[in-house]
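Down below is the structure, laid out as structure tokens.
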Amino acid sequence: MKRLEQVFHNQGEFFKTGKTLDLDFRKAQLKKLENILKASENLLYEAIYKDFRKSEFETYTTELSFIYNEIKFYIKNLKKLSKPQKVKTNLSNFPGSSYIYKDPYGKSLVIGAWNYPYQLSLLPVVCAIASGNVCILKPSEMAENTSEIMAKLINENFPENYLYVSEGGVEVTSELLELNFDKIFFTGSPKIGKIVYEATAKNLTPVTLELGGKSPVIVSDNSNLDVAAKRIVWGKFLNAGQTCIAPDFVLVHRNVRSKFIDCLTKYLDQFDYQENASHYTSIINSKNFQRLEKLIDDEKVIYGNHKNPDTNFLSPTVLDNVSWDDDVMQEEIFGPILPILTYENFQQTIDDLKSKEKPLSAYLFSDEEDEKSYFLNHFSFGGGCINDVLMHIGNGNLPFGGVGNSGIGNYHGKFGFDAFVHQKAILKRKTWGEPNLKYPPYSDKKISFLKRFL
């Protein structure tokens, strides 16, 4: 038996023991993971800096804090989340009572992403543990140093028949997808997500797919342009634009385009995104750097476009007078390039966006209630903000996930727990008081009564 097959088999055997059903066991494992991460924070910071120069501040605020908060939430709420939920029972099942039981799926696989390697790998693992599953984690090989440190910390401190990190590239992922997991959680691009979905179909494995897309931000002529520019600059160039929910492009009303660009430039200068700035991240590798270079039309650059291929540094770059036909508008950018398009009619703009793939996120800056209402009720997307960007991901009470091409399912908080459990419907009947209406022989009188009753 191959190595991964053996780990998979052993995890299945451990799950059968029922030990992961115990809430105290789950809480102990969550606390153990938290303690390991906190004791090793310096190693985590060093590893991610080696991968793409991500600062300690951003690593804590956008990665580790999410994991710690999720662990805290589950330790506090695990009893309530796991408790069978009583629901109403209809008259035809009287006397009786109805419940929803939360059964952990069992053998789970988490395939993480490189752009937020700790958050997007370990957060689903935390959900899996809290829900009572065993788990194999496959981090992205593109962030090799963070993958290595996660493997070291987890594999040296947890039994592999409970929690295990499997490192490697495409061949390892392919091998894992051949195994009959009870639940698979994938974070990555829509292209790879479709491959994962196809591979899991043969076993009818339930999946959560956290994908991406071209997330728009609309800046209305009824908005606070200064606030819009400040928040868009921060959200777009955080992690050098390598964020699945980053504003991919701006649609600004023609009447305020010039003023908005002035505000945008002001904050780009103020935030000082230089190559040696400790708060600005590099592109993950030369392949992605070269891909981004090809998306930049030099004739449309109005800000930035400073590069250093030796360090994969690409400064924030703003493109103006962009059209839907430009190369930069044909794929998710996933880098520090911000195209600006203009619009005149708000409703027509929403209709134009509806003709595209449904994005993971969408944002609107406006103080006009009719615009907010039309945006929310006529445009389908995973999640988003009014008068801000990105910040919806920081509220654990909100589900995080996509729709259509941007994903299937969601997680965070209660929704993360539900992503890794089967909701089992149970009806508990009494053995007295049952009418004979449903039993043969049938009659016109019975059917007449049942029609009125049901």
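Computed from the coordinates by the stated procedures, all read-outs in this text should not be read as laboratory data. Note that the structure is a prediction, hence the values are computed from the model and not measured. Here the Cβ is made from the backbone with ideal geometry for all residues, glycine too, and neighbour counts use every protein chain on show.
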Please list, ordered by chain and number, the residues whose modelled amide H lies under 5 Å from the amide H of ASN305; skip anything fewer than 5 residues away on the same chain.
SER315, THR317, VAL318
Once both axes come from the Cα atoms, what is the angle between helix 65-82 and the longest principal axis of the chain, in degrees from 0 to 90, rounded to 10?
20
Which length gain, in nm to one decimal place, applies between ASP327 and SER380 when the Cα-Cα distance is subtracted from 0.36 nm times their residue separation?
16.7 nm
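Taking 0.36 nm per intervening residue step and subtracting the Cα-Cα distance, what contour gain separates ASP351 from GLN274 on full extension? Let's see the in-between values first.
Working: separation 77, 0.36 × 77 = 27.72 nm, distance 3.82 nm.
This chain segment gains 23.9 nm when fully extended.
Per DSSP H run of at least 4 residues, take -39500 (n - 2.57); add these up for the chain, divide by its residues and hand me the 222 nm value, nearest 500 deg cm²/dmol. Before the final figure, lay out the partial values.
Working: 16 runs with 183 residues, N = 454.
About -12500 deg cm²/dmol.
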Sticking with the crude label model, points 7 Å out along Cα→Cβ, report the distance from ASN285 to ALA201 in nm, one decimal please.
2.8
Note, segment 117-133: 3J(HN,Hα) by Karplus (6.51, -1.76, 1.60, θ = phi - 60°), whole Hz, Gly/Pro = x, goes x, 7, 4, 7, 9, 7, 4, x, 4, 4, 4, 5, 5, 4, 7, x, 9
For labels at GLU5 and LYS266 in the simple 7 Å Cα→Cβ model, what's the distance in nm?
6.5
Cα-based convex hull, segment 1-119, per residue volume (Å³, whole number)
176
Check THR342: other-chain or 5+ apart residues with amide H under 5 Å from its amide H, H built from backbone geometry?
VAL252
Only Lys, Arg, Asp and Glu count, each charged at its Cβ (+1, +1, -1, -1), so figure out the dipole size of the chain about its Cα centre, rounded to 20 debye.
3340
Give a residue-ordered list of calculated ³J(HN,Hα) values for segment 28-44 (Karplus: 6.51 cos²θ - 1.76 cosθ + 1.60, θ = phi - 60°; whole Hz; x for Gly, Pro).
5, 5, 5, 5, 4, 4, 4, 5, 5, 5, 5, 6, 10, 4, 4, 5, 5
Sparse-neighbourhood loop sites, chymotrypsin sites (Phe, Trp or Tyr not before Pro) in segment 407-454 - DSSP loop, at most 13 other Cβ within 10 angstrom
TRP432, TYR442
Lys/Arg +1, Asp/Glu -1 at C-beta; segment 216-394 dipole; positive extreme among SER278, GLN330, LEU353
SER278
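Set the Förster distance to 51 Å, then compute FRET efficiency between THR311 and ALA425 from the Cβ-Cβ distance, nearest 0.05.
Details: r = 56 Å, r/R0 = 1.10.
After rounding to 0.05, the efficiency reads 0.35.
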Rounded, prolate or oblate: which one fits segment 87-241, using the alpha carbon gyration tensor with axes a ≥ b ≥ c (rounded when a/c is under 1.5, else prolate when a/b beats b/c, else oblate)?
oblate
What is the pair-distance distribution P(r) of segment 388-436, computed from all Cα-Cα distances in 5 Å bins starting at 0, with each bin given as a whole percent?
5, 16, 15, 18, 11, 6, 6, 6, 7, 6, 3, 1, 0
So what's the angle, to the nearest 10 degrees on a 0 to 90 scale, between helix 3-16 and the longest Cα principal axis of the chain?
40
Amide H of THR281: which non-local residues (sequence gap of 5 or more, or other chain) have their own amide H closer than 5 Å, using H built in the peptide plane?
ASN239, ALA240
Residue-wise, which Karplus ³J(HN,Hα) couplings in Hz belong to segment 226-241, taking 6.51 cos²θ - 1.76 cosθ + 1.60, θ = phi - 60°, and x for glycine or proline?
5, 5, 4, 4, 4, 6, 5, 4, 4, x, 6, 9, 4, 6, 6, x
Sort segment 324-398 into rounded, prolate or oblate with this rule: let a ≥ b ≥ c be the square roots of the eigenvalues of the Cα gyration tensor; rounded if a/c is under 1.5, and if a/c is not under 1.5, prolate when a/b is larger than b/c, oblate otherwise.
oblate
Pop a pseudo-label 7 angstrom from the Cα along the beta-carbon direction at both ASN397 and ARG254 and give the gap in nm to one decimal.
4.2
Sites removed, the longest contiguous part of the chain containing no DSSP-loop trypsin sites (Lys or Arg not before Pro) with at most 13 other Cβ within 10 Å is 203-355
Dipole of segment 216-394, Cα-centred, from +1 at each Lys and Arg C-beta and -1 at each Asp and Glu C-beta, to the nearest 20 debye?
400
Multiplying the sequence separation of SER448 and VAL172 by 0.36 nm and subtracting their Cα-Cα distance, what value in nm do you get?
93.2 nm
Shape call for the chain from the C-alpha gyration tensor, a ≥ b ≥ c root eigenvalues: rounded (a/c under 1.5), prolate (a/b greater than b/c) or oblate?
oblate
Relative to the chain, whose Cα atoms define the longest principal axis, helix 286-295 and its Cα axis are tilted in degrees, nearest 10, by 70
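When each pair of different Cα atoms in segment 272-420 is counted once in the 1/r mean, what is the Kirkwood radius in angstroms, to one decimal? Please report the intermediate quantities before stating the final value.
Values: mean 1/r = 0.0567 Å⁻¹.
Result for segment 272-420, one decimal place: 17.6 Å.
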